[in-house]
Amino acid sequence: MRWYRAGVKDPTIYGLYLWLFTALVFGRVLGQLVVARFAPRWLPPFEQWQSGLLPYPALLAGQALVLTLMVWISIDFSRGAGFWVEPRPRLGLAAIVWSYFYFAAMIARYVIRMTRRPEQRWLGGTIPIIFHSIVAAFQWTFGTYHAPPL
């Protein structure tokens, strides 16, 4: 297998997935920004893009920080070198465990939302849930690179 030779994982293969997840999250942030600014009819209404727990400016700042970190990590993986590619087995295990909890929380969030708002079943208000799940997939991918082989 190309991604795993003689006990060494190829970070550039992981980088492809990390860039995919980063691009998807960027698309969500951009879409939300377009809807907030222009409200085009071809995109879901703004209420579908966020839960409302944070004011939009604070949410946008947080998303920018997360995307900055995702881009930094993805660049290091694409180059096959850098801070985020250096082996860190404990960080890898922590990232994997956290990604499982994070994804499980998104499943619970979906179930709770669909129970409380049956009129929106199956896809109503799921944009944040889907994209948090993508962030969890990013974390899992990052973690599997760093985690020691089982």
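Which net charge results when you count Lys and Arg as +1 and Asp and Glu as -1 among the other residues whose beta-carbon is under 15 Å from that of GLU119?
Computed value for this residue: +3.
Quick one: Karplus J couplings for segment 85-98, per residue in order, coefficients 6.51, -1.76, 1.60, θ = phi - 60°, nearest Hz, x for Gly and Pro?
These are the phi-based 3J(HN,Hα) values: 9, 4, x, 9, x, 5, 4, x, 5, 4, 5, 5, 4, 4 Hz.
What net charge is computed for the residues neighbouring SER51, neighbours being all others with C-beta under 14 Å from the C-beta of SER51, Lys and Arg scored +1, Asp and Glu -1?
Working: positive: ARG28, ARG109, ARG113, ARG116, ARG117; negative: GLU47.
Net of charged neighbours comes to +4.
Cα centroids of segment 3-63 and segment 79-94: how far apart, whole angstrom?
Value for the Cα centre distance between the two parts: 22 Å.
Between TYR100 and ALA81, what length in nm is gained on full extension when 0.36 nm per residue of separation is reduced by their alpha carbon distance?
In short, 4.2 nm is gained.
Pop out the ³J(HN,Hα) list for segment 10-15 in order, Karplus 6.51 cos²θ - 1.76 cosθ + 1.60 with θ = phi - 60°, rounded to Hz; leave Gly and Pro as x.
Once rounded to whole Hz, the list reads 7, x, 5, 5, 4, x.
Starting with the highest mean, order 70-77, 116-123 by the number of other Cβ atoms within 10 Å, averaged over the residues of each peptide.
By packing density, highest mean first, the sequence is 70-77, 116-123.
Provide, in order from the shortest bin, the percent of all Cα-Cα pairs of the chain in each 10 Å bin, continuing until the bin that contains the maximum pair distance.
For the chain, the binned pair fractions read 11, 35, 31, 17, 6, 0 percent.
Given the options GLY27, ILE112, ALA95, identify the residue whose Cα lies farthest towards the positive end of the charge dipole of the chain (+1 on Cβ of Lys, Arg; -1 on Cβ of Asp, Glu).
Most positive-ward Cα: ILE112.
Any read-out appearing in this document is the output of simple, stated calculations on the displayed coordinates, not a laboratory observation. The structure displayed is predicted, hence computed values, not measured ones. Ideal geometry is used to build each Cβ from the backbone, glycine not excepted, and the neighbour counts take in all protein chains shown.
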